[in-house]
Amino acid sequence: MRPYIREKTAFGFDELPVNTSFEAGYLVTVNSGWRSIRPVVESAKCVGCEQCYLYCPDGVISIKDGKAQIDYDFCKGCGICAKICRIGAIGMEAER
Ligand code: SF4
Ligand code: SF4
């Protein structure tokens, strides 16, 4: 079997979707409460670099008005976004 080869291998930043590339609720159910910590964006620090958006494995971060926003319905609390944010604009807080 031939491996699948993308015809287009290079993408410009402006070609990336500004939001999740699929309707999350279409594929998974809303987080049912097993998340123990949640990422919280400190808007004053966020510079809208979109690194968290690019690395979030669940595609639940979007950039609105130059700031990261998280869809808590589907965020699983893995903390990757907090790790990847180099300026420390995302902190992980305990679920209450
Ligand atoms: S990585 Fe940090 S600074 Fe960049 S958009 Fe995300 S929260 Fe904002
Ligand atoms: S904690 Fe994980 S799933 Fe939630 S927004 Fe950050 S990277 Fe995405």
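With r defined as the distance between the Cβ atoms of Ile84 and Trp34 and R0 fixed at 22 Å, what FRET efficiency is calculated, to the nearest 0.05?
Details: r = 22 Å, r/R0 = 1.02.
Efficiency at R0 = 22 Å is approximately 0.50.
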Just read off the accessible area of Cys52 with the full protein assembly in place, 1.4 Å probe, to the nearest 10 Å². 10
Net charge (Lys, Arg +1; Asp, Glu -1) of residues whose beta-carbon lies under 9 Å from that of Glu95, Glu95 excluded, is +2
When every protein chain stays in place and a 1.4 Å probe is rolled, Lys83, Lys76 sorted by accessible area with the largest first are Lys83, Lys76
Rounded to the nearest whole Å², what accessible area per residue is found for segment 33-94 with the 1.4 Å probe? 57
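Do any chymotrypsin sites (Phe, Trp or Tyr not before Pro) in segment 34-79 lie in a DSSP loop with no more than 15 other beta carbon atoms within 10 Å, and if so, which? Mind dumping the intermediate values first?
Numbers: sites: Trp34, Tyr53, Tyr55, Tyr72, Phe74; in loops: Trp34, Tyr72, Phe74.
When the chymotrypsin sites (Phe, Trp or Tyr not before Pro) of segment 34-79 are filtered for loop state and at most 15 Cβ neighbours within 10 Å, Trp34, Tyr72 remain.
Using a 1.4 Å probe and counting only protein heavy atoms, arrange Val41, Val30, Val60, Val47 so the residue with the most accessible area comes first.
Numbers: Val41 30, Val30 80, Val60 10, Val47 105 Å².
So the residues, ranked largest to smallest area, are Val47, Val30, Val41, Val60.
Starting from the residue with the highest accessible area, list Ser43, Ser62 in decreasing order, probe 1.4 Å.
Solvent-accessible surface, decreasing: Ser43, Ser62.
Out of the total accessible area of segment 33-94 (probe 1.4 Å, heavy atoms of protein only), what percent is carbon and sulfur? Could you put the intermediate results ahead of the total?
Numbers: 1820 of 3540 Å².
Result for segment 33-94: 51 percent of the exposed heavy-atom area is carbon or sulfur.
If we count every other residue with Cβ under 13 angstrom of Cys85's Cβ, Lys/Arg +1 and Asp/Glu -1, where does the sum land?
Values: positive: Lys45, Lys67, Lys83, Arg86; negative: Glu42, Glu50.
Here the charged neighbours net out to +2.
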For the pair Phe11 and Ile63, how long in nm is the line joining their label points, each one 7 Å along Cα→Cβ? 1.3
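The values are calculated or read from the model by the stated rules, or taken from the named source; none is laboratory data. Just so it is clear, the model here is predicted, and its values are computed rather than measured. Please note: Cβ atoms are built from the backbone with ideal geometry, for glycine as well, and neighbour counts cover all protein chains shown. For accessibility, only protein heavy atoms count, side chains too; no ligands or nucleic acids. Shrake-Rupley method; radii C 1.70, N 1.55, O 1.52, S 1.80 Å.
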